[in-house]
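Encoded as structure tokens, the structure appears first; notes follow it.
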Amino acid sequence: MKVIELKNIKKTYHLEKLDVPVLHGITLTIEHGEFVAIMGHSGSGKSTLLNILGLLDKPSSGSFKLAGIEVSKYCDNELAALRNRYLGFIFQQFNLLSKLTALENVHLPVIYSSSKKENASEDPAKLLKLVGLSERMTHRPSEMSGGQQQRVAIARSLINKPLIIFADEPTGNLDTKSTKEIIDILKNLNASGITIVMVTHEPELTAYATRTVQMQDGVIISDVKTAPAQNIKKQNTDENFKHKAFSLSRFKDYFLQAQRSLIGNKMRSALSILGVMIGVASLISMLAVGTGAQKAIEDQVAGLGSNLLTISPGASQRGGISSESGARLRLIPEDIADLKKNVREISKISGYASGRAQIVANGKNYNTRLDGVSLDYAELRTSQAASGRFFTEEENIQRQRVVLLGKTVVKQLWDDANFNPIGEFVKINRIDFQVIGVLPEKGSSGWRDEDDKIIMPLNTAMYRVIGTKYINSMDVQIKEDADMSEAADKITQRLLFTHRMPAKNTDAVRVRNMAEIQETMSQMAKAFSLLLGSIAFISLLVGGIGIMNIMFVSVSERTKEIGLRKAIGANNADILFQFIIESIFVCCAGGIIGIICGSLISIIISKIAGWTTSVTLSSVFLAFGFSAITGLLFGVWPARKASLLNPIEALRHD
Ligand code: ADP
Ligand code: MG
């Protein structure tokens, strides 16, 4: 039975400028059970022929039937499957994977096998025993002699029960003793029914073959049968051979391979993980700071209530031309009572006179914010005294020197936030004040410490401390059922009227709606998060490009490995997936570490800067998703490069 039928096979290599014809019409038939030795001078085309026979390379023209299947028209993936199913290879350089043990090396072709049949492959341990390596199963190639390595390679070639074994100078790198051992093994394999085609330049080895083919300059010059071929009954060919492009079950192996290669290249893996880690950590912490700030702003603004208006003096001039009155509308304390009396939509109103104050107590000196406020402030801003009491209207009218302190101020002056300062005398801008209460704790709101302030009656602040006749602004709370914009108009008109300004001069009063302020603030916060997020995104991008670089290095370093994997039956998709998964693996590892680091960083930021930060579940998922996608995107290109490598060129690479 014919296992190989070559008809007029020609092969021409196309170099850049010239064509190199190597095989000039080879016609050759090999029967089952033969042991063919191909001899010839160096450069006569032996390897080229063997590579074509082994489906590693395609002929330029001619017909090639392998076990009755015309293979010259097969595509790369079909050839890979055929190699895996029917062919075994033994190379001069052994081509074992250095990161794998002997057992794993022998098992490697099974990964790429799509045969579902039972007994489709041999037991790797049994094969290693067969080649006399039962003691060396878990050794790596570097711990073995050349002869032992070649025996592992033979065991690997046998794993899928091949029809034919191709050996290109299998003893070329071995000493005489190992040569003898290897050739004996091959002889025994032939005796057990495997067809063997061996290239050699050692004439004494032809004694083991049943047939010797001599080549010279790309043609066969002699073909001698020296012994009868093994008599082989029916062989286990799959007449209706069909290759499966892809199977899910291989994914487990892809993962295993990726994991191996990562562990095998610790330094490189660590560096690429570091790149992604930095990107993800910054993404997480930036988002945490951003969302934290946003939340703080929203909380703070929401606490103000949406039925609040803030009134402040507007611009009195428009476009550089003086309005009729010429003067700015300046708010005075009388406006407060007047508005409350005349605009019935108002439920509460507080004026503000603000400034900085130097406060001295307990031998300490501290600078803080001072707010002179009206009585309604306590309810408007939910600032009833946490301990002690709020001031009274009488104290305001009489400009009494009473003050309420924020927690931070208490802590700064007495070194103890829980100190009870009520009844103490303090100096504020050199004036004696008595502390009557402590303000409720509000916490920090993103950037500002809300407890770092003191408040006192509006009149006291204006006339005794700041020294002004005017108030800065007013907060007005509108009754539940009243219309906000209507109330705003009424307030404006009333102020213009009492200040004797023309009714059309509405620009003189600035009325801001808290809902609007809320909206603007959260818009700002969103923009801020977006900005931070995009900075982080860029660093992730840089990390991804780092991954891509390292993957390219990895591909070119492992070209030979890729060649070998293809030779034993890996198809393009197998190699593509192996490298993509490796890249995703690195990125996800970096992602997980980055998420942990990023969370830690945001905790540290919130501790040091006093900012509220919050790591949300969605940002964790986002970061993880991004790192996986980074791995995928930046891994595809190098992986594709790897998958498209020509097996024979890849094998020749060093
Ligand atoms: P052998 O194995 O008999 O020593 P080869 O089959 O390796 O010879 O090579 C035969 C000829 O083909 C040599 O002249 C070699 O230079 C040429 N050759 C082999 N591979 C290539 C290639 N990829 N590109 C161009 N020329 C090649
Ligand atoms: Mg050669």
Helix 514-557 sits off the longest principal axis of the Cα atoms of the chain, rounded to the nearest 10 on a 0 to 90 degree scale, by 20
Per Stokes-Einstein, at 4 °C and 1.567 mPa s, what whole-number D in µm² s⁻¹ belongs to the stretch 2-243, with the Kirkwood radius over Cα pairs as the hydrodynamic radius? 71
Excluding ligands, DNA and RNA, what is the solvent-accessible area per residue of the stretch 529-609 at a probe of 1.4 Å, expressed in Å²? 39
Rounded to whole Å², per residue accessible area for the stretch 1-85 with a 1.4 Å probe reads 42
Taking every alpha carbon pair in the chain, what does the distance histogram look like in 10 angstrom bins from 0, in percent? 3, 12, 16, 14, 9, 7, 7, 7, 8, 8, 6, 3, 0
Links that overshoot a 32 Å alpha carbon limit, given the list 177/266; 180/560; 348/607: 177/266; 348/607
To test your reading of the geometry: what angle, between 0 and 90 degrees and rounded to tens, separates the Cα axis of helix 266-304 from the longest principal axis of the chain? 20
Ordered by packing density, taken as the mean number of other Cβ atoms within 10 Å over each peptide's residues, highest first, how do 614-620, 99-105 rank? 99-105, 614-620
Relative contact order, percent, of the stretch 330-500 when contacts are C-alpha pairs under 8 Å separated by at least 6 residues? 33
Let me have the relative contact order for the stretch 2-243, percent, based on Cα pairs under 8 Å that are six or more residues apart. 29
Computed for the stretch 330-500: size of charge dipole around the Cα centre, +1 on C-beta of each Lys and Arg, -1 on C-beta of each Asp and Glu, debye to nearest 20, value 660
1.4 Å probe accessible area per residue over the stretch 330-500, in Å²: 48
Please report the antiparallel percentage of the DSSP beta bridges confined to the chain, to the nearest 5. 70
Give me the percent relative contact order of the chain, please, defined on Cα pairs under 8 angstrom at least 6 residues apart. 18
Calculate what fraction, in whole %, of the accessible area of the chain sits on carbon and sulfur atoms when a 1.4 Å probe is rolled over the protein chains. 55
Which pairs in the list 99/252; 58/641; 340/407; 7/161; 99/126 are over 23 Å apart, alpha-carbon to alpha-carbon? 340/407; 7/161
Theoretical ellipticity at 222 nm over the chain - DSSP helices of four or more residues, -39500 (n - 2.57) apiece, nearest 500: -14500 deg cm²/dmol
Tilt of helix 333-342 relative to the longest C-alpha principal axis of the chain, in degrees (0 to 90, nearest 10)? 90
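The values are calculated or read from the model by the stated rules, or taken from the named source; none is laboratory data. Computed from a prediction, not measured in an experiment: that's the story for all the values here. Ideal geometry is used to build each Cβ from the backbone, glycine not excepted, and the neighbour counts take in all protein chains shown. Protein only, heavy atoms only, side chains kept; ligands, DNA and RNA dropped before computing areas. Shrake-Rupley method; radii C 1.70, N 1.55, O 1.52, S 1.80 Å.
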